[in-house]
Amino acid sequence: MKLQLIYFVFFLAIFSQRVFSQDQDNTFIPDEKYVKEVKKLLKKKKIQDAFEYIDILEPRTLKDLVYLTEIPAPPFEEEKRAEAFRDLLDEAGADKVWIDEVGNVIAVRKAAKRDSERPAVVVLDAHLDTVFPEGTDVTIKFNGDTLIAPGIGDDTRGLVLILTVLRALNESGIATVADIWIVGTVGEEGLGDLRGVKHLFRPGAPAIRSWISVDGGSTDRITNSGLGSHRYRVTFTGEGGHSWGAFGMANPIHALGRAINIFVTEADGFIQSGPKTSYNVGRIGGGISVNSISFESWMEVDMRSVEHSSLLAMDDIFQKAMQAALQKENDLRKNGEALNVKIEMIGDRPSGEVPVDIPLIQRALAVATLFNISPRLTTGSTNSNIPISRGIPAVTISRGGKGGGSHALKEWWLNDSSGPQAIKLALLLLVTEAGMK
Ligand SMILES: [Zn+2]
């Protein structure tokens, strides 16, 4: 009996160990067909020349990073950085560069010869905007080799990476079958609500058939799944009045508290099962003094899910909770007018997932594997959400180097061997996807 128990504990230990390590790794092995395809490209002299050039360019890449980081790019105010980035892409030898109607910088590197088998346009993108408001000190501070400045990694390093890819493509004379667009997008962060990438996929826009974003730190992460989110600003309004003299009026702040309570209670019941879904009331406000019935109260709400249908279900719970709270507060009213509620959508990022077996994801896995990286497939909230939600192949890959403190004033970035490696990886994936002539 005792021996049996020991065996049981032993097997339990092995079993739980296995489950644990599988969960931790989430690694994927690419199909041999794609490994061969990438290997073949790796042997080409022009690819090797491009890699060598990326190493030679390292001081220049660092100089570009310092230069661009110190040009502020607050939300909705990316113009200055966009102009500087446009000039750099022009100097790097793009065939054509322009800033579009919403502020995206687009550099075209024309195909040598189009081929019906390959997509017409392959995009390599990074975002121009940072989360930091106007007036933030963006001067870089050096701590040894570590560079400290807001926005340095997210995503200024991404911009510099895609710029160096263009320089290396031109220097080595690599010719592709598809047009390559090197794009600096506006509005990736926060209330920017992906407006840059949404514009690139507007009705009637040139057909982008493949999208590669550079955004995020860890080299082994390949993001093929987009985390969707809905964001709202809710405002309750009423007459307002004296807390004693007008007592009995409907109170917008009481309605807000009730709304949060109903929403959170219902939402928490919903997330007990099913795909990962979140809810958050991020900011609240309203009122003018302790002895006044306020005429207004407001809150900002964020909800996310990896699954579109769960996001819609959470949205439904939210909408119903707001109406229920309004109703209850109005029912309590002893005098005065009824309250109103205004619900404005301030953010909409669709969710979705690109199947693992499509060529772009297989190529991303194959390239990583050939760089001795064990790739993990992950979920993120990046520019890729838009093409992913429309069924267009899209992936988000790493900017390389070490970094941390993203969205904080003390954000830092440090170059190491994964820095130039990430640039080579992006170039190789881009050329594989665009087809080398
Ligand atoms: Zn970012």
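Values in this text are rule-based calculations from the coordinates and carry no lab data. Here the structure is a predicted model, which means the values were calculated and not measured. Note that each Cβ is placed from the backbone with ideal geometry, even for glycine, and that neighbours are counted across all protein chains shown.
Here are the numbers for the structure shown:
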| read-out | value |
| --- | --- |
| In sequence order, calculated HN-Hα J values of the stretch 96-108 (Karplus, 6.51, -1.76, 1.60; Hz; x Gly/Pro) | 7, 9, 8, 10, 7, 4, 9, x, 5, 9, 10, 10, 9 |
| Hz values of 3J(HN,Hα) by residue in the stretch 33-49 - Karplus curve (6.51, -1.76, 1.60), Gly and Pro given as x | 4, 7, 4, 4, 4, 6, 4, 4, 5, 4, 7, 5, 4, 5, 5, 4, 4 |
| 5 angstrom amide H check on Ala111, placed H, neighbours 5+ away | Asp179, Ile180 |
| 3J(HN,Hα) from dihedral phi, the stretch 266-283, Karplus parametrisation 6.51/-1.76/1.60, rounded to Hz, x for glycine, proline | 5, 4, 5, x, 5, 7, 5, 9, x, x, 4, 9, 10, 9, 7, 9, x, 9 |
| Unit charges on C-beta of K, R, D, E only; dipole of the stretch 140-248, Debye | 220 debye |
| Pairwise FRET efficiency - Ala324 versus Ile271, Cβ, R0 = 30 Å, nearest 0.05 | 0.95 |
| Residues with amide H under 5 Å from that of Gly336, placed H, sequence gap 5 or more | none |
| Gain on full stretching of the segment that runs from Glu101 to Ala175 - 0.36 nm per residue minus C-alpha separation | 23.7 nm |
| Whichever lysines have a C-alpha closer than 24 Å to that of Lys328, once near sequence neighbours (fewer than 8 apart) are set aside | Lys320, Lys342 |
| Sorted by Cβ density within 10 Å, fewest first, the residues Glu344, Glu52 | Glu344, Glu52 |
| Semi-axis lengths (Å, descending) of the ellipsoid that matches the C-alpha gyration tensor of the stretch 228-349 | 30, 13, 10 |
| Neighbour-count ranking [beta-carbon atoms within 10 angstrom, fewest first] of Met322, Met299, Met436 | Met436, Met299, Met322 |
| Under 13 Å, Cβ to Cβ, from Trp298 - net charge with Lys/Arg +1 and Asp/Glu -1 | 0 |
| Ranked list, fewest to most other Cβ atoms within 10 Å of each Cβ, for Ser289, Ser243, Ser297, Ser309 | Ser289, Ser309, Ser243, Ser297 |
| Charge tally in the Cβ shell below 10 Å around Gly93, where Lys, Arg are +1 and Asp, Glu are -1, Gly93 excluded | -2 |
| For a label point 7 Å along the Cα-to-beta-carbon line of Ile358, residues of the stretch 379-402 with backbone N under 19 Å | 379-398 |
| Rg to Rh quotient for the chain, alpha carbon positions, Kirkwood Rh | 1.07 |
| Net charge of neighbours whose Cβ lies under 15 Å from the Cβ of Lys43, counting Lys and Arg as +1 and Asp and Glu as -1 | +4 |
| Which listed pairs, of Lys110/Lys437; Lys44/Lys437; Lys113/Lys198; Lys39/Lys402, have C-alpha distances above 19 Å, in listed order | Lys113/Lys198; Lys39/Lys402 |
